[in-house]
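Please read the structure below before turning to the comments.
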Amino acid sequence: MLPPRLSARLTALRETSILHNLSGAAGIQLSLLVSGSLSARLLGPENRGYLAIFVAVPSAVGQLGAVGMSLAATYYLSSGAIGGTELIQLLRRPALIQLVSLTLINAAIVSAYTLITGAPIVLAMCISLAIMPAALCADYGLAFLLGARRHGTVNMIRTLNPALTAAGIIPLYLLHDQSLAAVMAVSVGCSVIAGALALQRGIVAATAIKVSKSLVARLGRLRAKQIVLAFGRQGYLGYLSPVDSFRLDQLAVGFLLSPRELGFYVVGAAFTNVGRLVATNLGLSATPEIAALHSDPDAQRQTVRHTLLLTGGILTALTIGLALFVIVAIPFFFGADYRSSIPVAEILLVACWMLSLKRIVVDVMRGIGETRVGTRAEMLNLGLFLAGVVPLGLWLGGRGVALALVIAASGGSALLISGLLHTSPFSAPKTTSPEPSVSPEV
C-alpha cells in the first residue's frame, strides 16, 4: 500500500498527463480533419494518392533509420542517468549521419517513383524532400522534451504542425488552387517550422538537466555512448511496429493497386488517426513518468497497471464511437465521391484499436527498462501482413489490404498479451535500474 501523499501525487500526475494528452490528440485530429478533407476535395482521389505516397515514403524511411536513438534519449534523461548536455554530445554525430543518409535514401526512392509513374509531379516531389530533415528535428526535439517531462510543450508542438497546415490549406481551398505542389508546399513548410521549434525547445529543456554521477562520468564517453545506442536498438522493433509506423498498408495500396485507390484508402484511414494519436501521446508520456519511479518498484508497478487499464478503456470507447461516426462523417467532410471509403474505415478502426493498445503496452514496458517486449509480436505482425496483403489486396482492393492489417494486428496482439502476463508488472515485484543490461555490440 502506497503512502497517501505519494498516491495522491501519482494520481495528480497521471490525471494531468492524460488531460494534456487527450486535449492534444483532439486538437491534432481536428486539424487533420480540416486539412485532410479540404485537400481531398481540392486534389481528387488520384492526386490525394500521390500526396500520400510523398508523405508515406519519408515516414517509412525515417522510422526504419531512426534505430531508437530518440527513444533512448527520452529514457536516459527521464531516469536521471545522463545529463542533457552530455546526451546531446553523445548523439550529435550519429544524428547528423542519420539525417544526411536518410534524406538521400528518401530522395532516391521518391525520384524513382516519379520517373516510373511518369506523372507530372516532379515539383511536388522536390518540395517533399524537406520532409525528412524536418521530421528528424521534430523527433529529437520531442524526445528531449519528453525526457525533461515537458508534456504541455510536447502537446503544443505536436498540435502546431497540423494546425498550421489546416490554416494554410484553407486559403488554397477558397482560391480553388488544385495544384499538388501548392498543397505539398504548405504541408512541408509547416513541418519545417514545427521541427525547428521542437528541436530548439528540446535542446533548451535537455541542457537544463544536470546529473552529478552520470554514465559518462562513471564509465567514460565511449562506453556510455555504446550503452545508450544499444538500449535504443534493442527495443526499437517492438516500439516501431513496422506494419503501422512504415504505413506499409498505404504503400501496398499505392504500389499494388493505384494512386486513385490509395486516395480512397487514406480518406478511410483519416479517422483512425485519433486512436493512434491518443495511444502515441499517452504512451510517450507514460514512458518518462514510469522511468522516473525506478527507485520505487511498487509505485512503478501500480502506475503501469493503472495506465494500461485507463488507456485501454479510452481506446475502446473511441473505437466504438468512431465506427458509428464514419458512416455520416466521410460523405459530409470529404464528399459523396468518397463513400467507398466507409467500409475501409470501419475495418481499419478494428486494426487501429489493436495496434494502439500494443503501442501503450510497449511504451509502459520501455519505461521500466524492458526493451525487448513486443519484438516477437512485431515480427509476427509483419509476417502475417506480408503473407496476406497481396492475395487479399488483389481480391478485395483497399478493403483486402485493411483486412490483412486486422489479421496481422490480431496475431501480434495475442502474442504480446501472452508475453505481457509473464512480465514484471503482472508478476513478482522487481527492482528496476535506470541502467538496463544491454549489449553494446550489434
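The values are calculated or read from the model by the stated rules, or taken from the named source; none is laboratory data. All values derive from a computational prediction rather than experimental measurement. No Cβ is skipped: glycine too gets one built from the backbone with ideal geometry, and neighbour counts run over all protein chains shown. The protein model used for the area step is the full one, side chains on, heavy atoms only, and it has no ligands, DNA or RNA in it. Shrake-Rupley method; radii C 1.70, N 1.55, O 1.52, S 1.80 Å.
Please go through the range 100-114 and pick out each residue that is modelled with pLDDT of 90 or more and of a type outside the set (Val, Ile, Thr).
To start, the set of residues in the range 100-114 that are modelled with pLDDT of 90 or more comprises 100-112.
Matches in the range 100-114: 101, 102, 104, 106, 107, 108, 111, 112.
Test residue 196 against the stated conditions and say whether it is surrounded by fewer than 23 Cβ atoms within 10 Å (Cβ to Cβ), in contact with a Phe, Trp or Tyr (Cβ under 7 Å, 6 or more places away or on another chain) and of a type in the set (Gly, Ala, Ser).
On the way: surrounded by fewer than 23 Cβ atoms within 10 Å (Cβ to Cβ): yes; in contact with a Phe, Trp or Tyr (Cβ under 7 Å, 6 or more places away or on another chain): no; of a type in the set (Gly, Ala, Ser): yes.
No.
Consider only pairs whose beta carbons are under 6 Å apart and that are at least six residues apart or on different chains; among these, list those whose first residue lies in the range 298-313 and is closer than 17 Å to residue 366 by Cα and of a type outside the set (Lys, Arg) and whose second residue is open to solvent by less than 40 Å² (accessible area, probe 1.4 Å) and modelled with pLDDT of 80 or more.
311/360
Are any residues in the range 154-180 surrounded by fewer than 17 Cβ atoms within 10 Å (Cβ to Cβ) and part of a helix (DSSP H, G or I), and if so, which ones?
Initial filter on the range 154-180 (surrounded by fewer than 17 Cβ atoms within 10 Å (Cβ to Cβ)): 167, 170-171, 174-179.
Hits for the range 154-180 are 167, 170, 171, 174.
Could you run through the range 199-213 and say how many residues are within 17 Å of residue 89 (Cβ to Cβ) and buried (at least 18 other Cβ atoms within 10 Å of the Cβ)?
So the answer is 6.
Here is a yes/no grid of residues against (1) farther than 25 Å from residue 27 by Cα; (2) open to solvent by less than 50 Å² (accessible area, probe 1.4 Å):
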{"residue": "269", "(1), (2)": "no, yes"}
{"residue": "282", "(1), (2)": "no, yes"}
{"residue": "297", "(1), (2)": "yes, yes"}
{"residue": "302", "(1), (2)": "yes, no"}
{"residue": "309", "(1), (2)": "no, no"}
{"residue": "320", "(1), (2)": "no, no"}
{"residue": "329", "(1), (2)": "no, yes"}
{"residue": "350", "(1), (2)": "no, no"}
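Could you please find all residues in the range 51-106 being small (Gly, Ala, Ser), in contact with a Pro (Cβ under 6 Å, 6 or more places away or on another chain) and in a helix (DSSP H, G or I)?
From the range 51-106, those small (Gly, Ala, Ser) are 52, 56, 59-60, 62, 65-66, 68, 70, 72-73, 78-81, 83-84, 95, 101; that's our starting set.
This time we only want the ones that are in contact with a Pro (Cβ under 6 Å, 6 or more places away or on another chain), so: 78-79, 81.
Residue satisfying the conditions is 78 alone.
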